[in-house]
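The values are calculated or read from the model by the stated rules, or taken from the named source; none is laboratory data. In this text, all values refer to a predicted model and were calculated from it rather than measured experimentally. Because the Cβ atoms are built from the backbone with ideal geometry, glycine has one as well, and the counts that use them run over all protein chains shown. The protein model used for the area step is the full one, side chains on, heavy atoms only, and it has no ligands, DNA or RNA in it. Shrake-Rupley method; radii C 1.70, N 1.55, O 1.52, S 1.80 Å.
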There are 2 protein chains.
Amino acid sequence: MTLLTSPSGALPSTALLTDHYELTMVRAAMRSKTAGRASVFELFARRLPEGRRYGVVAGVARALEAIQAFRFDESALNFLLEENVIDTDLADWLSRYKFRGDVWGYPEGEVYFPGSPLLVVEGSFAEAVLLETLLLSIYNYDCAVASAASRMTAMAGDRPCIEMGSRRTNEYAAVSAARAAYLAGFQATSNLEAGRSYGIPTTGTAAHSFTLLHDTEEEAFKAQLKTLGKSTTLLVDTYDIEEAVRTGVRLSKGKLGAIRLDSGDLAELATQVRALLDSLGATKTKIIVTSDLDEYQIAALRSAPVDGYGVGTSLVTGSGAPTCGFIYKLVARAESDAKDAPLIPVAKRSPEKATVGGRKYALRRLGPDGRAQAEVIGIGTPPVDDGNDRPLLVPLMSKGKVVYREPLEAARERHQQVRAELPLSASKMSKGEPSLPTLLLDEAGRTLESPYLRRPS
Amino acid sequence: MTLLTSPSGALPSTALLTDHYELTMVRAAMRSKTAGRASVFELFARRLPEGRRYGVVAGVARALEAIQAFRFDESALNFLLEENVIDTDLADWLSRYKFRGDVWGYPEGEVYFPGSPLLVVEGSFAEAVLLETLLLSIYNYDCAVASAASRMTAMAGDRPCIEMGSRRTNEYAAVSAARAAYLAGFQATSNLEAGRSYGIPTTGTAAHSFTLLHDTEEEAFKAQLKTLGKSTTLLVDTYDIEEAVRTGVRLSKGKLGAIRLDSGDLAELATQVRALLDSLGATKTKIIVTSDLDEYQIAALRSAPVDGYGVGTSLVTGSGAPTCGFIYKLVARAESDAKDAPLIPVAKRSPEKATVGGRKYALRRLGPDGRAQAEVIGIGTPPVDDGNDRPLLVPLMSKGKVVYREPLEAARERHQQVRAELPLSASKMSKGEPSLPTLLLDEAGRTLESPYLRRPS
């Protein structure tokens, strides 16, 4: 991403965007000579945010870029040594660190459910554990925004949604949010860095301050129309909406592109403004609404004469679920320190936080009608494809090299297709169970009692 | 912040971390020749997050750094020209852009209330409006985290709180979150970049994966104790807690620093583990708890034998309020284009979103007992100090130069002092009204009917 790119074109080091304990674990594992044990880590969520029907995978390409930039430079090593986080042996190892393992994962735009193994990271314990915090940060935020965005675009139907929440979240998170929203069907963003870094269309015209700056609203509108053309969007609720609409139509000779409403009862105002525009002959002038929208408001505005939605706060904060609760767990490791020792499943037994050991494989079970039926997770071996199914884990990195590359548009299209496969319950805004059950199968293909099984509804 | 610092030591350009419309407004204002009008913008919140008693100011030093780095380089200008966001006239102006105005603001660690003018930015319209999105991003996130953090440290009392939420938020937001939490009384962070960039103490020992990596829990504990010393914290809930505690005490010969509980009923487990530790003679071994804590859980654990709290998700997501709802509004501008034209107040009249025009001044009214009584905001002139009061706006930038610099520790101390001045209602966890009323005074000192007046409780 250009924003953070050094003149050489590489992302600056991401190595300190991590937790202290990742390094102390490696340090202690070097002492017990277990640091090199082959290990499998898995990134997944125990559950979806309360009442959600599905989640959306986003941040994959960002994560791969961040892994490649996970290198310890002299400044980082000096800091860690001075603070006694690491010793000189570990510093020496870190100075040569580069992830050399394999990564599989759900492609961007896919949907996920409780227990879905969004990422499977294989490498030595030391090299794979170091990535924990960074991968979780990226997935937890990007997927939260994409999951909220997908609900909004589903409710908006054919009407375009524009992402404009940059101001409501951390300045760098804002860029990722724009990307995640675009992936999930938003048409454009207000964020310029997202335009530069990811090629996402950017839009914007004017705020209330622009009108207030001028001696009259008419002068403000004139300046905007002259500069941005008649197809621009005029913000009409600074003073009196009716007067503003009349002024805008008059100045544009009925050719005004759109007006924007940013306050009040949007359904009622949109209806009034539509009637006024039509009476003035501006039948093609669109109505864009932008005041504190979320998926529920968008659904409620379905019958209102609205042509587009600008969404901010609720989008970049995940609409009530600002993080996804992803965790990154060791699920298998070499049985011993012997070379080529076989992997054995491992799991913790913490109350209410027990994990399921073993390397996972996953497929989406699809019926003959193409409708998704279940998220099927095989432990230790891939579940049997019954003919229509789609394997969900694709290779992302092989021996440290990135092997997954696709344009953002491809991920965006995937999301539309994958969402359309889900049962109709997926588009319910009411709180409920995940729209697919998660089935856990053992190596013999027997269904296990699963911590992720949908509760009976 | 080192993370984003180029080899020359400067923050890379922040100029594209902004919304498209900031630039189109300047472009249109150049055409109407209003871009140079002296303007006053104000950053404030209409209300606190639902039920909150006060908010905490954070991000000030970050915002000042970001303003200084708000410069348009060739790459940014080329992108903006190619996308037709700007024209060549504006590109020319932007290539020389540097904020040359004045900024006042609440110092870091202060508390704020509805209507508090956290920032007052004076400059030409063009130079001041451009900063809108970036300033809002920084304040909306940093203050959200600091406000949540303050509630947690207030509930924790003398027991230390450790920030460990990096994995639950965007990877760069995580660094800012650690800073905001520290400001509001947290004692340390897990985030290494926050340690390097801001000198915040970092801590961490091991996760469950470290125990699972070893053939036995005992081997894992041995490795950790040898590497990090007996004062380390052992995570004891991977398998059986009692057995783990016994092993830890035995291996450390009763000198174990702490154990960590990360699951289950923490109050009950802490009581059992305390009794066990004491029975084993490990009376000085501390108990740290870390499972999905928030201010309510921390309050509920007051009577439990707990020695410290590690807080993640709820902290970095603002404990239910991941953004503060700050807005950045034009409140005054030059009356005309004449040189030295006087400033006149301006305000929009949008339904439910009306603003109060005029440059604001603010002080905290303190009683003779030193207890805070009100947030007093003067319009156009500073409210009269009745002897014990504290002016709240301090100069941050003067003619484009930063004039506010203080160590993070000073802001941290300020927060402790300022919070202690608040009425006792401020530390109530129940939902309620802001703990101080906001009084709006006109130039003659008369109290105005205020949109920010506390509702009668």
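The table below lists the values:
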quantity: Full-stretch length increase - B:Q417, B:R349 - with 0.36 nm per residue and alpha-carbon distance subtracted; calculated: 20.7 nm
quantity: Contour excess over end-to-end distance, with Cα ends at A:L448 and A:K230 and 0.36 nm allotted per residue; calculated: 72.2 nm
quantity: The protein assembly as shown - mean residue ellipticity at 222 nm from DSSP helices (-39,500 (n - 2.57) per run, n ≥ 4, rounded to 500); calculated: -10000 deg cm²/dmol
quantity: Reachable lysines, given that their alpha-carbon falls under 30 Å from the alpha-carbon of A:K360 and they are not under 8 places away in the same chain; calculated: A:K33, A:K98, A:K329, A:K339, A:K348, A:K399, A:K401, A:K428, A:K431
quantity: Chain A: angle of helix A:173-183 to the longest principal axis, Cα-based, in degrees nearest 10; calculated: 80
quantity: In sequence order, calculated HN-Hα J values of the range B:287-293 (Karplus, 6.51, -1.76, 1.60; Hz; x Gly/Pro); calculated: 10, 10, 10, 8, 9, 6, 7
quantity: Degrees separating the helix A:408-421 axis from the principal Cα axis of chain A, which is the longest one; calculated: 90
quantity: Pair-distance profile P(r), taking every C-alpha pair of chain A, with 10 angstrom steps and integer %; calculated: 4, 19, 26, 22, 15, 9, 5, 1, 0
quantity: Estimated FRET transfer efficiency when R0 is 41 angstrom, pair B:D307-A:R47 (beta carbons, to 0.05); calculated: 0.85
quantity: Other-copy label distances relative to B:R46, 7 angstrom Cα-Cβ extension, nm; calculated: 3.9
quantity: B/A buried area, accessible surface, summed, 1.4 Å probe, Å²; calculated: 8500
quantity: On Cα atoms only, tilt of B:132-156 relative to the major axis of chain B in degrees; calculated: 40
quantity: Positive-end residue, the protein assembly as shown charge dipole about Cα centroid, Cβ charges, pick of A:A304, A:S314, B:V316; calculated: A:A304
quantity: Check: the range A:146-320 dipole with +1 on Lys, Arg Cβ and -1 on Asp, Glu Cβ, in debye; calculated: 700
quantity: For A:T202, distant residues with modelled amide H under 5 Å away; calculated: A:T189
quantity: Lys pairs under 17 Å by Cα in the range A:146-320, provided they are eight or more residues apart or on distinct chains; calculated: 13
quantity: With every protein chain in place, chain A: carbon and sulfur % of accessible area (1.4 Å); calculated: 49
quantity: Shielding by other protein chains, A:135-143, mean Cβ within 10 Å; calculated: 5
quantity: Surface per residue (accessible, 1.4 Å probe) for the protein assembly as shown, Å²; calculated: 37
quantity: Inter-copy spacing of A:K401 label points, which lie 7 Å from Cα along Cα→Cβ, given in nm from shortest upward; calculated: 5.6
quantity: Normalised convex hull volume, the range B:155-320, alpha-carbon set, Å³ per residue; calculated: 111
quantity: Teacher prompt: B:R390 distances to equivalent labels in other copies, 7 Å Cα→Cβ, nm; calculated: 5.7
quantity: Size of electric dipole in the range B:306-355: Cβ of Lys, Arg +1 and of Asp, Glu -1, about Cα centre, debye, nearest 20; calculated: 260
quantity: Virtual paramagnetic centre 7 Å along Cα→Cβ of B:K399, amide N under 19 Å, in the range B:116-137; calculated: B:121-125, B:127-128
quantity: Those GluC sites (Glu not before Pro) in the range B:12-63 that DSSP places in a loop and that have at most 14 other beta carbons within 10 Å; calculated: B:E50
quantity: Label-point gap, in nm, between A:A299 and B:A299 - each point 7 angstrom along Cα→Cβ; calculated: 3.2
quantity: Debye-sum result for the protein assembly as shown in log10 I(q)/I(0), which assumes one identical scatterer on each alpha carbon, at q = 0.04, 0.07, 0.08 Å⁻¹; calculated: -0.18, -0.57, -0.75
quantity: 3J(HN,Hα) from dihedral phi, the range A:439-450, Karplus parametrisation 6.51/-1.76/1.60, rounded to Hz, x for glycine, proline; calculated: 9, 9, 10, 7, 5, 8, x, 7, 6, 8, 5, 10
quantity: Trypsin sites (Lys or Arg not before Pro) restricted to DSSP loop in the range A:396-457 with at most 15 other C-beta within 10 Å; calculated: A:K399, A:R405, A:K428, A:K431, A:R446
quantity: B:Y97 paired with A:V384, simple spin-label distance in nm, labels 7 Å along Cα-to-beta-carbon; calculated: 6.3
quantity: Inter-chain shielding of B:315-325 (mean C-beta neighbours from other protein chains, 10 Å cut-off); calculated: 4
quantity: Rounded if a/c under 1.5, otherwise prolate or oblate - the range A:79-225, Cα gyration tensor axes; calculated: oblate
quantity: Loop GluC sites (Glu not before Pro), the range B:404-457 (other Cβ atoms within 10 Å of the site Cβ: 13 or fewer; DSSP); calculated: B:E443, B:E449
quantity: For the range B:203-216, 3J(HN,Hα) per residue [Karplus equation, 6.51 cos²θ - 1.76 cosθ + 1.60, θ = phi - 60°, Hz, x = Gly/Pro]; calculated: 9, x, 10, 7, 10, 4, 4, 5, 5, 5, 5, 8, 5, 9
quantity: Test item: Cα-centred dipole of the protein assembly as shown, Lys/Arg +1 and Asp/Glu -1 on Cβ, debye; calculated: 340
